[in-house]
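The values are calculated or read from the model by the stated rules, or taken from the named source; none is laboratory data. None of these values were measured; they are calculated from a predicted model. Cβ placement follows ideal geometry from the backbone for every residue including glycine, while neighbour counts extend to all protein chains displayed. Protein only, heavy atoms only, side chains kept; ligands, DNA and RNA dropped before computing areas. Shrake-Rupley method; radii C 1.70, N 1.55, O 1.52, S 1.80 Å.
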Amino acid sequence: QVQLVESGGGLVQPGGSLRLSCAASGVISRLNAMGWYRQAPGKQRELVAMWISSGSTNYAGSVRGRFTISGDNAKNTVYLQMNSLKPEDTAVYYCNMKSRGDYWGQGTQVTVSS
């Protein structure tokens with residue numbers, strides 16, 4: 001059974017930074033990609049950033065230049081460094097792993113407010 005454990009969310013002032021981490025455990029036969037989605041109240045879940053196991057990355061336009069995603073194949077872990085945070089970044093952030101299946105974490109709250 002695959003489990004994704006997220007950490008690093010919290011409350012931060014506009015312009016501040018947070019770092020999210022997500023570690024996958026269990027039997028993982030093939031890791032294709034890991035990344036982050038977010039869902040704000042009343043909105044659909046959207047892709048934030050994705051790290052491909054080959055090393056390439058993909059970002060939503062709204063976070064490009066502010067967020068950086070990185071991953072570690074050996075540890076089945078992905079990180080999201082979020083800088084210059086804005087109130088509109090407030091959401092529940094979900095870790096996602098694409099392996100032979102599609103797996104989700106439980107979500108971590110990120111709140112950007114003064």
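So in segment 83-104, with the set limited to residues that are in a loop (DSSP other than H, G, I, E, B) and open to solvent by less than 70 Å² (accessible area, probe 1.4 Å), which one is nearest to Leu47 (Cα to Cα)?
Restricting attention to segment 83-104, the residues satisfying the condition of being in a loop (DSSP other than H, G, I, E, B) are 83-86, 90, 99-101.
With open to solvent by less than 70 Å² (accessible area, probe 1.4 Å) added as a condition, the list becomes 83-85, 90, 99, 101.
Working: Asn83: 17, Ser84: 18, Leu85: 17, Thr90: 14, Ser99: 17, Gly101: 18 Å.
Across segment 83-104, the extreme among qualifying residues is Thr90.
To keep it simple, each residue is scored yes or no on (1) more than 20 Å from Val92 (Cβ to Cβ); (2) modelled with pLDDT under 95; (3) aliphatic (A, V, I, L, M).
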| position | (1), (2), (3) |
| --- | --- |
| Arg38 | no, no, no |
| Ala49 | no, no, yes |
| Ser53 | yes, yes, no |
| Ser56 | yes, yes, no |
| Gly65 | yes, no, no |
| Ile69 | no, no, yes |
| Asn73 | yes, yes, no |
| Asn76 | yes, yes, no |
| Leu80 | no, no, yes |
Of the residues in segment 37-47, those that are out of contact with any Asp or Glu (no Cβ under 9 Å at 6 or more places or on another chain) and either in a strand (DSSP E or B) or at positive phi (or both) come to Gly42, Glu46, Leu47
Quiz item: Does Ser70 qualify as being touching a Gly at 6+ places or on another chain (Cβ under 7 Å), of a type in the set (S, T, N, Q) and open to solvent by less than 60 Å² (accessible area, probe 1.4 Å)?
Solution: no
The correct count of residues that are surrounded by fewer than 14 Cβ atoms within 10 Å (Cβ to Cβ) and in contact with a Ser or Thr (Cβ under 9 Å, 6 or more places away or on another chain) in segment 20-39 is 3
Residues of segment 90-112 being in contact (Cβ under 8 Å) with a residue 40 or more places away in the chain and more than 12 Å from the chain's Cα centre (by Cα), in sequence order, are Thr90, Lys98, Ser99, Arg100, Gly101, Tyr103, Thr111, Val112
